[in-house]
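Some notes on the structure that comes next.
The values are calculated or read from the model by the stated rules, or taken from the named source; none is laboratory data. Quantities reported herein were computed from a predicted structural model and do not represent experimental measurements. All Cβ positions, even for glycine, are placed from backbone atoms using ideal geometry, and neighbour counts span all protein chains on display. Heads up: the accessible areas ignore ligands, DNA and RNA and are worked out on the full protein's heavy atoms, side chains in. Shrake-Rupley method; radii C 1.70, N 1.55, O 1.52, S 1.80 Å.
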Amino acid sequence: MPTAVLPLGTLSDAHGRVARDLRVSLTDRCNLRCTYCMPAEGLPWLPGRDILTDEEVARLVGVAVHLLGVRKVRFTGGEPLLRPGLAGIVAAATGLRTDEGVPPETSLTTNGIGLDRRAASLAGAGLGRVNVSLDSLDRTRYAALARRDRLDDVLGGLAAADAAGLHPVKVNTVVMRGANEQDVVPLARFCIEHGYRLRFIEQMPLGPEHGWDRSTMVPAAEILDALRTAFTLTPIDGRGAAPAQEWRVAAAPGHPAGRIGVIASVTAPFCGDCDRTRLTADGQLRTCLFSRTETDLRTPLRDGADDVELARLWLGAHRAKAAGHGIDSPGFRPPARTMSSIGG
Ligand code: SAM
Ligand code: SF4
């Protein structure tokens, strides 16, 4: 029976927060080109030699879990299903033990393409659950937003994740004015009927350069107004560090009860409760999605630093974590990297 490992410290900062949730980007590449995330031609991809190997990812996740008190690990990208060694990386993570003596909770944020073939093996590797991105159930609108006609693949991926027991299956939807506002209610109905937990996300200034404009972002209040035309919503208390404010949907003729979340990163930032730390595919540590600085872990890792040295670098970066993302402050400048390169 594995025993708990005593951490070197926890990832605490000057604002009283402790990061327990690690987001690991496994690649900056993607097989879609969602308009809010990437330009149609793609981005200059990271060179292969800069990308952490599977062993390097596993080592850094081990440092975070064993030495720094991390308890949740979410794999993301780019599109993490494009990473051939994904199942092995998941298995390495679930073989770790947190400071509470249990495996870390693992999850995967994916666009769902190819998940139909891989859900069972990922569940077998110990993956806990998935978040699948789906912005429309209308084939034409899906293809316009993702710039690829892949709706059927995503729906197949969702069904396979459900069948493989990757529960709760969560669905992420970014709502954009003039693009998919009419999909809010149909997506909610679809997810409630299938037992998936839908979370609507406000569009953030992390897409292709100059691609964000507050007027195209549909704020949480408007999403909730649309939902209330079709459902009876009651807020669920006890959100903790979770980014989504969740709502219980009352059962009604035609649909069962369910729950829906809204992530209002722009209009109601939750930075004060943030418990996240992030590792990019090229081994850069970020304390926030919106950080304009990174801490290089890849170079010391490749130069022979031991786990304690890497952990100390991580601790130092978190002590300086900013209080908030500052989207609303006059001098706000988005980070140089887009969401797909940071890891959403
Ligand atoms: N490719 C995977 C996917 O789409 O789920 C994982 C990476 S993607 C960057 C992670 C999440 O970020 C997705 O749910 C996506 O919708 C969201 N996202 C991307 N760009 C965004 C933006 N500018 N604002 C808000 N959410 C965004
Ligand atoms: Fe790819 Fe995900 Fe970005 Fe869409 S949101 S382009 S699926 S990384």
In segment 208-265, which residues are open to solvent by 20 Å² or more (accessible area, probe 1.4 Å), assigned to a loop (DSSP other than H, G, I, E, B) and within 16 Å of ligand 1 (Cβ to nearest atom)? PRO208, GLU209, HIS210, GLY211, TRP212, ASP213, ARG214, SER215, THR216, PRO219, ALA242, PRO243
If you go through segment 53-100, how many residues are open to solvent by 30 Å² or more (accessible area, probe 1.4 Å), within 16 Å of ASP275 (Cβ to Cβ) and over 16 Å from the mean Cα position of the chain (by Cα)? 2
Mind checking which pairs have a first residue in segment 77-102 that is over 25 Å from GLY9 (Cα atoms) and a second that is among the acidic types (Asp, Glu) and not in a helix (DSSP H, G or I), Cβ under 6 Å, 6 or more apart or different chains? GLY78/ASP28
Answer residue from segment 85-126, given it is within 16 Å of ligand 1 (Cβ to nearest atom) and either part of a loop (DSSP other than H, G, I, E, B) or basic (Lys, Arg) (or both) and is nearest to CYS37 (Cα to Cα) among those: ASN111
Within segment 127-147, is even one residue open to solvent by 50 Å² or more (accessible area, probe 1.4 Å) and either under 28 Å from GLY316 (Cβ atoms) or among the aromatic types (Phe, Trp, Tyr) (or both)? no
Looking at segment 141-153, I want the residues that are away from ligand 1 (no atom under 15 Å from the Cβ) and have a partner that is open to solvent by less than 30 Å² (accessible area, probe 1.4 Å) with Cβ atoms under 6 Å, at least 6 apart or on another chain. Which pairs are those? ASP149/ALA143
LEU8 fails exactly one of the following numbered conditions: (1) within 25 Å of GLY78 (Cα to Cα); (2) open to solvent by 20 Å² or more (accessible area, probe 1.4 Å). What is the number of that condition? (1)
Within segment 275-292, is there a residue that is of a type outside the set (Lys, Arg), open to solvent by 20 Å² or more (accessible area, probe 1.4 Å) and more than 17 Å from the chain's Cα centre (by Cα)? no
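So that you can scan it fast, the table gives a plain yes or no per residue for (1) out of contact with any helix residue (DSSP H, G or I) (no Cβ under 6 Å at 6 or more places or on another chain); (2) not hydrophobic (A, V, I, L, M, F, W, C):
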residue	(1), (2)
GLY77	yes, yes
ARG83	yes, yes
ALA87	no, no
THR94	yes, yes
THR106	no, yes
ALA146	yes, no
Residues being open to solvent by 20 Å² or more (accessible area, probe 1.4 Å) and over 18 Å from ARG298 (Cβ atoms): count how many of those fall in segment 16-28. 3
For segment 46-84, give me each residue that is within 16 Å of ligand 2 (Cβ to nearest atom) and among the hydroxyl-bearing types (Ser, Thr, Tyr). THR76
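Yes or no, residue by residue, for (1) under 30 Å from ILE327 (Cα atoms); (2) open to solvent by less than 10 Å² (accessible area, probe 1.4 Å); (3) in contact with a helix residue (DSSP H, G or I) (Cβ under 9 Å, 6 or more places away or on another chain); (4) away from ligand 2 (no atom under 15 Å from the Cβ):
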{"position": "VAL171", "(1), (2), (3), (4)": "yes, yes, yes, no"}
{"position": "GLY178", "(1), (2), (3), (4)": "yes, no, no, yes"}
{"position": "GLU181", "(1), (2), (3), (4)": "yes, no, yes, yes"}
{"position": "VAL185", "(1), (2), (3), (4)": "yes, no, yes, yes"}
All conditions in (1) over 17 Å from the mean Cα position of the chain (by Cα); (2) buried (at least 18 other Cβ atoms within 10 Å of the Cβ); (3) modelled with pLDDT under 95 are true of MET38 except (1)
Report every pair of residues separated by at least 6 positions or lying on different chains whose Cβ atoms are under 6 Å apart, first residue within segment 277-300 and under 17 Å from GLU56 (Cβ atoms), second surrounded by fewer than 20 Cβ atoms within 10 Å (Cβ to Cβ) and among the hydroxyl-bearing types (Ser, Thr, Tyr). LEU285/THR295
